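Notes for the one structure printed next.
The values are calculated or read from the model by the stated rules, or taken from the named source; none is laboratory data. All values reported here derive from a predicted model rather than from experimental measurement. Here the Cβ positions follow ideal geometry from the backbone for every residue, glycine too, while neighbour counts run over all protein chains shown. SASA here: full protein model, heavy atoms, side chains in, ligands and nucleic acids out. Shrake-Rupley method; radii C 1.70, N 1.55, O 1.52, S 1.80 Å.
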Amino acid sequence: MLGLKKFLFKNASPAHLPDDIKAALESWRSQPVTALDEAHFHTRYVVIDIASTGMSPETDELLGVAAAAVRQSTILPDDAMFLDVESATDAQALDRQLVALLQFAARSPLVTYHVSYVGGFLQRLFKERLGVDFQPQWVDLAWLLPALFADKSTSVMPLDQWIAAFGLDEGSSRRSAMENTLMLARIFQMLLVRANGKGVDTAAKLIDESRASSFLRRTH
Amino acid sequence: MIMSQQVRPEQQTAAAIAEVEAESRKEGRRRVAGNTIAFLRNHAPFNKMAADALQHFAERAQIAFYPAGSEIVGPDSGNVRFFYLIESGKVQARQAGEVTVTEYSILSLGAGECFPIGAVTAGRPSTNIYLAIEDTFCYQLPAEDFMILMATSPEFNLFCTQYIASLLDQSRRQLQLQFAQKASEQQTLNSPLIGIGSRSPVTVTPDTPLRKALETMSEAGIGSLVIAGEDGRPVGIFTRSDLLDRVVLAELPLTAPVSQAMSPAPFSLEEHATAYDAMLAMASQGIRHVMVTDAEGRLTGVVSERDLFALQRVGLRQIRQSIDSAHNVEALQQSAGDVRQLAFNMLAQGVGAEQLTQFISALNDALTRRVIQLNLENHSFEGIDWAWLAFGSEGRDEQTFSTDQDNGIVFECADKAALDALRQRFLAFALDVNKDLDRCGFPLCKGNIMASNPQWCLTLDEWKEQFSSWIRVPQPEALLNATIFFDFRPLFGKVELTEAMRRHLLIQTQSNPMFLRAMAHNALDVEPPLGKLRDFLTDLEPDHPGKIDLKKYGSRIFVDVARIYALAAGVHNTNSVQRLRIASQRLSIKTEEINAVLEGLDFIQLLRLQHQYLEGEPGRQGDNLIDPEKLNELDRRILKESFRQARKIQTRLKLDYQVN
């Protein structure tokens, strides 16, 4: 019984959170999950990337989060978000930023490059700060690209190589988190067209394809 | 008030979350925009635009991907919703439909290029199909934001305006092409005989007595006579030279049938043979006439050597010479026809409306001067200073093909007692001139604004007083008169008199600001026929539904505004284009702005000329009523832009003279 209760309420907000954040989390939890059987054109995807002090979600620190929605296959400047985690003045300010990110993501499928990296950082932070088990529907471009663009590469490779393969301008200097997000968003726009062409025409199918490709590659 | 101070803590912090979210979203938008601006900075015209205009573009522009082979926007997508800027890839612009309205049929666009500027400006569907021919990313700015940028960024506005101006240029070339085709149809030796020469030749039957045949020729004033049988087939031709050889010298009695004197079996060609065939036949067979017959061999016309020469283009110099050496009105009538023909040729050769109307005016001036000179042989004004004045469109050098007379006389009369008698002499002279001008194709003025009207045959002092009274009391009628009489120009006689009139006019108007304001008020009565929902308002003239009066709702707006600015800036010219150019310099209106306005006026004038020449029936005065539905898409677009320019300059006038 106790175990079951713990399982059922493991997402419950930690007691230390202020009421407004608790309330916001409750309302987020009660939001319906985005229907995933719609065509890509009708699905709002959120492309997300982070800046961090290093590559390890366990030991390094998150500095910033850049997210941009792709709706009707279009990137809209009005539907973007940037969290300056690094310069959050206090714990509550950070918590509110994280809640704002949850509200922005609004249970849309999240798109990134290497879920293990991006998702790892976010998961740790959401768990530590808000007690939230952050398990969104991920689309991992790192694994999906070689699966859908086998004509360009059949193996997982660094993002810069994909950018070059697509003939996109990679810019001279190092990309910021938002620049990287926008680059991923453009690649994702191209990927949606390719996916449609291969019959992967809903968000659900795309997420399945993403999972399958990463599973196959990791185990075989 | 008290309620709002008692906010519960969680409400306050809920507002804090909303604030954080709004702040983070704002920062997100700012950073997306920063990414876009980095691209814009590398491309014209964005690299010249102010920071806030760029920021607006970047914060509103969406990024869309179009795979190779997909259509981005086309005529079927409805009114254009976005202004597109290519970030990467290649886009092909292709004319929709079969008719090419611009000189290119396929155009390739690359990174940094924009489309469809004309359509998004006009808020209508694109005429081109824009197809991604490579994988293409575009920034797409919603149409309403495009309009905001047009209004707030002068650099962006200039870029788009110039682009549309280049469309104007293309359309003009298209128009000229149409004329060239019609001109060559009419003029080359490839045209069929059916359209050349006499279409209903005078004929007699072979048994007609010579006397009767000669009488027929004399009555009809012709030099040759076709003899045709009962079935209408030509059997012979009798000419004046035959009279000498075959009648007089052969001592043939005048009672003999004409068949005995005619040249039998005249050379015939079918109607569909060309002028070239006729010319060849004349040259090879030494004949001067070719019978034109239908398929059954029945006579339908005669082509003479002279008709074929008339096909050759008439030249400016020959016309001037023939006008200046004409000894009677009949010769001038011929020249008047040549002026029309030459104007048409020039239109075909690509002369713009401004030059063309001035050119028509120049030849018409020469013609009028000659009519005056010929009449001075019967009326002498030795020792009297006087001048013949042209008013209205003639006074402005803006005559189109169908312009009626607007003229007057100014003269000096020192002896008051002799004034009435002198005026009567001028009126008699003017009446003769007015009648002769009418015979040369300048119809009498319906409003009787002619030198033969005592109202407009005045001494210098009377003209000055007339001008002053209009300016002092700007009643509606005075204002109407001002729009006609203040555009005066001397055609013949003592130019100093008209200069004195002009100086008087400018001094008077500049010391009466109320008058110019009343003129401005009057000029704003008629607005360009732009619809809020439809492109054009075509129901303004109840008698002509579906049509737009290009003079009343088009060129007149420009002309009225030009007159006011010219009077305000002390410009002596009467031509609207010159008035606007010079006045804009004096009033420091931007050159680009005034050029766009002049382009608009030029286009409307060109459309009027085209309409009057291509659609006017021969011998009938052409009108200014066009049906916008019958214009091609590009012309319609440019006409709309031209009307917008009319509205623009009206708005300026409204501001300058504070007319509401």
Below 24 Å, Cα to Cα, which lysines can B:LYS435 reach? Residues fewer than 8 away in the same chain don't count.
B:LYS446, B:LYS494
Would you work out which of B:PHE46, B:THR255, B:LEU280 lies farthest towards the positive end of the dipole of chain B? Charges go on Cβ: Lys and Arg +1, Asp and Glu -1.
B:PHE46
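Enter the per residue convex hull volume of region B:507-575, computed from alpha-carbon coordinates, in Å³ rounded to the nearest integer.
Values: hull volume 7.1 nm³, N = 69.
Normalising the Cα hull of region B:507-575 by residue number yields 103 Å³.
What does the charge dipole of chain B about its Cα centre add up to, to the nearest 20 debye, if the Cβ of each Lys and Arg holds +1 and the Cβ of each Asp and Glu holds -1? Intermediate values should be presented prior to the final figure.
Working: 67 positive and 82 negative charges, 317 e Å.
Here the size comes out at about 1520 debye.
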At q = 0.16, 0.18, 0.22 Å⁻¹, base-10 log of I(q)/I(0) for region B:40-158 (Debye sum, equal scatterers on each alpha carbon):
-0.74, -0.93, -1.32
Gyration tensor over alpha-carbon atoms, region B:369-423, equivalent ellipsoid semi-axes in Å:
27, 14, 8
Largest-first principal axis extents of the Cα set of chain B (Å):
132, 76, 41
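Send over the per residue convex hull volume for the protein assembly as shown, Cα only, as a whole number of Å³.
Working: hull volume 234.4 nm³, N = 880.
Residue-normalised Cα hull volume stands at 266 Å³.
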In debye to the nearest 20, the charge dipole size for region A:75-220, taken about the Cα centre with +1 at each Lys and Arg Cβ and -1 at each Asp and Glu Cβ, equals 480
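Given 0.36 nm per residue, what is the gain on full extension from B:SER511 to B:LEU530 after removing their alpha carbon distance, in nm? Show your work: numbers first, answer last.
On the way: separation 19, 0.36 × 19 = 6.84 nm, distance 3.57 nm.
This chain segment gains 3.3 nm when fully extended.
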Just name one of B:ILE649, B:ALA390, B:LEU109: the one whose Cα is farthest towards the positive end of the charge dipole of chain B (beta-carbon charges, Lys/Arg +1, Asp/Glu -1).
B:ILE649
Which is farthest toward the positive dipole end of the protein assembly as shown among B:CYS445, B:PRO75, A:LEU17, measuring Cα position about the Cα centre, with Cβ charges +1 (Lys, Arg) and -1 (Asp, Glu)?
A:LEU17
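Could you size up the charge dipole of the protein assembly as shown around its Cα centre, putting +1 on the beta carbon of Lys and Arg and -1 on that of Asp and Glu, and report it in debye to the nearest 20? Intermediate values should be presented prior to the final figure.
Details: 89 positive and 108 negative charges, 324 e Å.
Roughly 1560 debye, rounded to the nearest 20.
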If you take every residue apart from A:SER108 with its C-beta less than 13 Å away from the C-beta of A:SER108, what net charge results, scoring Lys and Arg +1 and Asp and Glu -1?
+1
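Suppose a student asked you for the relative contact order of chain A, using Cα pairs under 8 Å spaced at least 6 residues apart; what percent would you report?
On the way: 295 pairs, mean separation 53.2, N = 220.
Value for chain A: 24 percent.
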Could you tell me the largest-minus-smallest coordinate of the C-alpha atoms of region B:512-660 on each of the three principal axes, in descending order and whole angstroms?
44, 31, 28
DSSP-defined antiparallel bridges as percent of all bridges, region B:193-311, nearest 5
75
Report the Stokes-Einstein translational diffusion coefficient (µm² s⁻¹, integer) for region A:81-171, Rh taken as the Kirkwood radius over Cα pairs, at 10 °C with viscosity 1.306 mPa s.
105
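Among residues other than B:ALA331 whose Cβ falls under 14 Å from its Cβ, what is the net charge (Lys/Arg +1, Asp/Glu -1)?
Working: positive: B:ARG320, B:ARG370, B:ARG439; negative: B:ASP324, B:GLU330, B:ASP338, B:ASP436.
Around B:ALA331, the surrounding residues sum to -1.
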Across region B:512-660, how many lysine pairs, 8 or more apart or on two chains, come within less than 18 Å at their alpha-carbon atoms?
14
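Within a Cβ distance under 14 Å of B:CYS445, other residues only, what is the Lys/Arg minus Asp/Glu net charge? Before the final figure, lay out each step's value.
On the way: positive: B:LYS435, B:LYS446; negative: B:GLU394, B:ASP404, B:ASP406, B:ASP438.
So the surrounding residues net to -2.
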For the pair B:HIS43 and B:THR255, the simple spin-label estimate (label points 7 Å beyond Cα toward Cβ) gives in nm 9.8
With a 1.4 Å probe and every protein chain left in place, tell me how much accessible area B:SER200 has, in Å² to the nearest 10.
100
Going by Cα centres, region B:467-504 and region B:122-162 are how many Å apart?
47
Diffusion coefficient in µm²/s returned for region A:39-219 by Stokes-Einstein, Kirkwood Rh over C-alpha pairs, 25 °C and 0.890 mPa s, is 147
Principal axis dimensions, region B:193-311 - Cα atoms, whole angstrom, descending
39, 27, 24
List the lysines whose Cα lies under 28 Å from the Cα of B:LYS26, skipping any in the same chain that are fewer than 8 positions away.
A:LYS22, A:LYS127, B:LYS48
How long are the three semi-axes of the equivalent ellipsoid of region B:382-465, in whole Å, if each is the root of 5 times an eigenvalue of the C-alpha gyration tensor, listed from largest down?
24, 14, 10
List the relative contact order of chain B as a percent without decimals, with contacts defined as Cα pairs under 8 Å and 6+ residues apart.
9
At R0 = 30 Å, how high is the FRET efficiency between A:ASP37 and A:LYS152 if r is their beta carbon distance? Nearest 0.05 is fine.
0.55
Pseudo-spin-label distance A:LYS205 to A:GLU128, built 7 Å along Cα→Cβ, given in nm, is 4.1
Area accessible to solvent at B:HIS611, 1.4 Å probe radius, in Å²:
20
For B:HIS379 and B:ASP539 in the same chain, what is the full-extension length gain: residue separation times 0.36 nm, less their Cα-Cα distance, in nm?
52.6 nm
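Work out the FRET efficiency for B:ARG94 and A:ALA212 from their Cβ-Cβ distance, taking R0 = 35 Å, and round it to the nearest 0.05. Present the calculation step by step, with values, prior to reporting the outcome.
Values: r = 42 Å, r/R0 = 1.19.
The formula returns an efficiency of 0.25 here.
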Roll a 1.4 Å probe over the protein heavy atoms and report the accessible area of A:LYS198 in Å², nearest 10.
110
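Roughly what % antiparallel, to the nearest 5, for the DSSP beta bridges in the protein assembly as shown?
Working: 69 of 82 bridges.
For the protein assembly as shown, the DSSP antiparallel bridge percentage is about 85.
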